[in-house]
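Below is one structure, written out as structure tokens, with a few remarks after it.
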Amino acid sequence: MDQFTINLLFVGGSFALYIGIAIWARAGSTSEFYAAGRGVHPVTNGMATAADWMSAASFISMAGLIAFTGYDNSSFLMGWTGGYVLLALLLAPYLRKFGKFTVSEFIGDRFYSQTARIVAVVCLIVASTTYVIGQMTGVGVAFGRFLEVDNTTGLLIGACVVFAYAVFGGMKGVTYTQVAQYCVLITAYTIPAIFISLQLTGNPIPGLGLFGNDVASGVPLLAKLDQVVTELGFASYTAHHANTLNMVLFTLSLMIGTAGLPHVIMRFFTVPKVSDARWSAGWTLVFIALLYLTAPAVGAMARLNITEMMWPNGGINGGAVAVEQIENDSKYDWMSTWQKTGLLDWEDKNGDGKIQYYNDKNADLQAVAAEKGWEGNELTKFNRDILVLANPEIANLPSWVIGLVAAGGLAAALSTAAGLLLAISSAVSHDLIKGAYNPKISEKGELLSARIAMAVAIVVATYLGLNPPGFAAQTVALAFGLAAASIFPALMMGIFTKVNSRGAVAGMIAGISVTLIYIFLHKGWLFIPGTNSFTDADPLLGPIKSTSFGAIGAMVNFTVAYFVSKASDPIPTEIEELVQSVRIPRGAAAAQDH
């Protein structure tokens, strides 16, 4: 059986499972659509939240970014994991205690303002739409490779699949679908990692193998990797090279952005009690750790494998891989397969029949290149998002492992895309249409509007996903920055301070405005290519990149909210009493439908 057929069996079987679950658990009421009827067990919810959380950025893109940068991109791991702890400890139980359906509804009621609710909806839609772009980018990469079509066609196919099970299932359908998707994605991520760790280090636990010895040379794996990449003119893998201030701001932006993500917070509204929200958070951390402890090993081992494949004759002095070998050796079949997607390419620039892969911007290597007659790096394109999906092929693993990874990568992207689209549709139908413009809308009408909103969001995200502002994880980082600058401060001030409605509204507007402007200045207005004035290589404010600005946006939000609140009337007594009651970790109010 050929690889394409195996891929179809794994991917098709997993999709049949997801759509079948969505039909079985189809939402029949607004409570089931928005909060799964508040009847989800903490362990089940923890698994679903982990799938919702571990998106295409985690599964597909994160290890690739770590692989090609090394230590400096460990900030993705630190920010996302630390942010989830922040969310679990400081926000989730209190928001569940409040007993509402959506984040925007909490902000509107806590700040006793319809304006605050609408501003929160706008912030949520902006952050979630940016996040969905990253997921759809990952969907396009995965579908493009495993259905052997171009990236655009893969993206359009993925959008249709998301539409099929997310629009009809609502939170109830999405919850149980995400449990299945977690099982698929974690299996697909760890099995190849175990195989590769055994190949390179003899240790079946990738996280331990990362700090073990390379079997072929007998030297520590990381020392071997440092030696290999520095010989080719790249930065040392284990050393810190990036600007420390930017790295700190980036990590902080990911942390507080995580704690402000509406689609993750919504998962804690699905459990029966406040104590269940705490248990859900604990189980989610366990399920997340299974992947996040493996990702650094996946990145490092893949980088070593790729580099040695491009220099199979003993490094830079032994000679690069021949074009003939790439075309005829089955070990290199993965290169021609990925070339079809447009995400990998190479060119024999100097006509010597070999493909030299090196850092042609390194001054020392330029001298070596001139001496050897090289004319630049000939691995002309290697999209970071393909690394994890290509990893089993690079390591020459069995065909069934490659098919499993195909299903896992799609599960990761689709599970988060569904959660985000649900957050967007809930904000539009429950907070805008019912909460602000048509309070008397019927439950059937509200469900219909939610599904229409989700369909529109899919179309917009698909269109923007065709020209994303960066790799999947980089695009997602922008979304975290927007959530950090707008939603997280409002939630924190709503639970732990006496900031009033004017302060909250002014803070959210200021925070998201400065952050969005800074992002557009670097990534293009509305992410349109060529409309940017700066780049992340040469940022507007010193070393601060657009992906790191969310932390500064949050500071602006807190500051503006504080001073505006101080200059205006204090919060009403009944709101102060409400805030006090939310902090008491006993019981949970029933969801109010109004």
When you scan segment 1-59, how many residues do you find that are of a type in the set (F, W, Y) and at pLDDT below 70?
2
Exclusive hit being over 30 Å from V11 (Cα atoms) and either at pLDDT 75 or above or among the basic types (K, R) (or both), set I458, I433
I433
Kindly check whether there is at least one residue in segment 580-588 that is in a loop (DSSP other than H, G, I, E, B), under 27 Å from M266 (Cα atoms), in contact with a Ser or Thr (Cβ under 7 Å, 6 or more places away or on another chain) and among the aliphatic types (A, V, I, L, M).
no
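Okay, residues lined up against (1) outside any helix (DSSP H, G or I); (2) in contact (Cβ under 8 Å) with a residue 60 or more places away in the chain; (3) open to solvent by less than 10 Å² (accessible area, probe 1.4 Å):
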site: L387; (1), (2), (3): no, yes, yes
site: P392; (1), (2), (3): no, yes, yes
site: L397; (1), (2), (3): yes, yes, no
site: W400; (1), (2), (3): no, yes, no
site: V405; (1), (2), (3): no, yes, yes
site: G409; (1), (2), (3): no, yes, yes
site: T416; (1), (2), (3): no, yes, yes
site: A423; (1), (2), (3): no, yes, yes
The correct count of residues that are open to solvent by 10 Å² or more (accessible area, probe 1.4 Å) and either modelled with pLDDT of 80 or more or of a type outside the set (S, T, Y) (or both) in segment 131-146 is 0
For residues that are exposed (fewer than 14 other Cβ atoms within 10 Å of the Cβ) and not small (G, A, S), tally how many sit in segment 342-369.
2
Residues of segment 342-395 being over 15 Å from T307 (Cβ atoms) and of a type in the set (V, I, T), in sequence order, are V368, T380, I386, V388
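Mind checking which residues of segment 328-384 are outside any loop (DSSP other than H, G, I, E, B), among the charged types (D, E, K, R) and over 36 Å from the mean Cα position of the chain (by Cα)? Steps first, please.
At the first step, the residues of segment 328-384 found to be outside any loop (DSSP other than H, G, I, E, B) are 328, 330-339, 344-345, 354-355, 363-372, 381-382, 384.
From what's left, among the charged types (D, E, K, R): 331, 333, 345, 354, 364, 371-372, 381, 384.
Of everything in segment 328-384, those that are outside any loop (DSSP other than H, G, I, E, B), among the charged types (D, E, K, R) and over 36 Å from the mean Cα position of the chain (by Cα) turn out to be K354, D364, E371, K372.
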Subset of segment 458-472 [surrounded by 14 or more Cβ atoms within 10 Å (Cβ to Cβ) and in a helix (DSSP H, G or I)]:
I458, V460, A461, T462, L464, G465, A472
Failed item, numbered, when I316 is tested on (1) among the aliphatic types (A, V, I, L, M); (2) in contact (Cβ under 8 Å) with a residue 24 or more places away in the chain; (3) in a helix (DSSP H, G or I)
(3)
Determine if segment 440-457 includes at least one residue that is farther than 19 Å from M54 by Cβ, basic (K, R) and buried (at least 21 other Cβ atoms within 10 Å of the Cβ).
no
Of the numbered conditions (1) surrounded by fewer than 24 Cβ atoms within 10 Å (Cβ to Cβ); (2) small (G, A, S); (3) in contact with a Leu (Cβ under 7 Å, 6 or more places away or on another chain); (4) assigned to a helix (DSSP H, G or I), A223 fails exactly one; give the number of that condition.
(3)
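Residues V161, V179, V174: which one is open to solvent by less than 20 Å² (accessible area, probe 1.4 Å), part of a helix (DSSP H, G or I) and modelled with pLDDT under 90?
V174
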For segment 192-220, which residues satisfy the criterion of being closer than 21 Å to W53 by Cβ and surrounded by fewer than 19 Cβ atoms within 10 Å (Cβ to Cβ)?
G207
Matching residues, segment 522-579, being over 24 Å from A484 (Cα atoms) and not in a loop (DSSP other than H, G, I, E, B):
T573, E574, I575, E576, E577, L578
Failed condition for G99, given (1) modelled with pLDDT of 75 or more; (2) open to solvent by less than 10 Å² (accessible area, probe 1.4 Å)
(1)
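If I ask for residues that are at positive phi and out of contact with any Ser or Thr (no Cβ under 7 Å at 6 or more places or on another chain), which ones from segment 71-128 would you list? Step through it out loud before you land on a result.
Residues of segment 71-128 at positive phi: 99, 112.
Correct list: G99 only.
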Residues in segment 235-252: is at least one buried (at least 23 other Cβ atoms within 10 Å of the Cβ), touching a Leu at 6+ places or on another chain (Cβ under 7 Å) and not charged (D, E, K, R)?
yes
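Yes or no, residue by residue, for (1) more than 21 Å from the chain's Cα centre (by Cα); (2) in contact (Cβ under 8 Å) with a residue 12 or more places away in the chain; (3) open to solvent by less than 10 Å² (accessible area, probe 1.4 Å):
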{"site": "G79", "(1), (2), (3)": "no, yes, yes"}
{"site": "G83", "(1), (2), (3)": "no, yes, yes"}
{"site": "L90", "(1), (2), (3)": "yes, yes, no"}
{"site": "L95", "(1), (2), (3)": "yes, yes, yes"}
{"site": "S104", "(1), (2), (3)": "yes, yes, yes"}
{"site": "Q114", "(1), (2), (3)": "yes, yes, no"}
{"site": "I118", "(1), (2), (3)": "yes, yes, no"}
{"site": "C123", "(1), (2), (3)": "no, yes, yes"}
{"site": "S128", "(1), (2), (3)": "no, yes, yes"}
Taking the conditions exactly as written (in contact with a Ser or Thr (Cβ under 9 Å, 6 or more places away or on another chain), surrounded by fewer than 17 Cβ atoms within 10 Å (Cβ to Cβ) and either free of Cβ contacts under 8 Å to residues at least 24 places away in the same chain or part of a helix (DSSP H, G or I) (or both)), does T187 satisfy them or not?
no
If you go through segment 370-385 one residue at a time, how many are without any contact (Cβ under 8 Å) to a residue 12 or more places away in the chain and either touching a helix residue (DSSP H, G or I) at 6+ places or on another chain (Cβ under 6 Å) or open to solvent by less than 10 Å² (accessible area, probe 1.4 Å) (or both)?
0
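The values are calculated or read from the model by the stated rules, or taken from the named source; none is laboratory data. Because the structure is predicted, anything quoted here is derived from the model rather than measured. A quick note on method: Cβ atoms are made from the backbone with ideal geometry, for glycine too, and the neighbour counts reach across all protein chains shown. Keep in mind that these areas ignore ligands, DNA and RNA; they rest on the heavy atoms of the full protein, side chains included. Shrake-Rupley method; radii C 1.70, N 1.55, O 1.52, S 1.80 Å.
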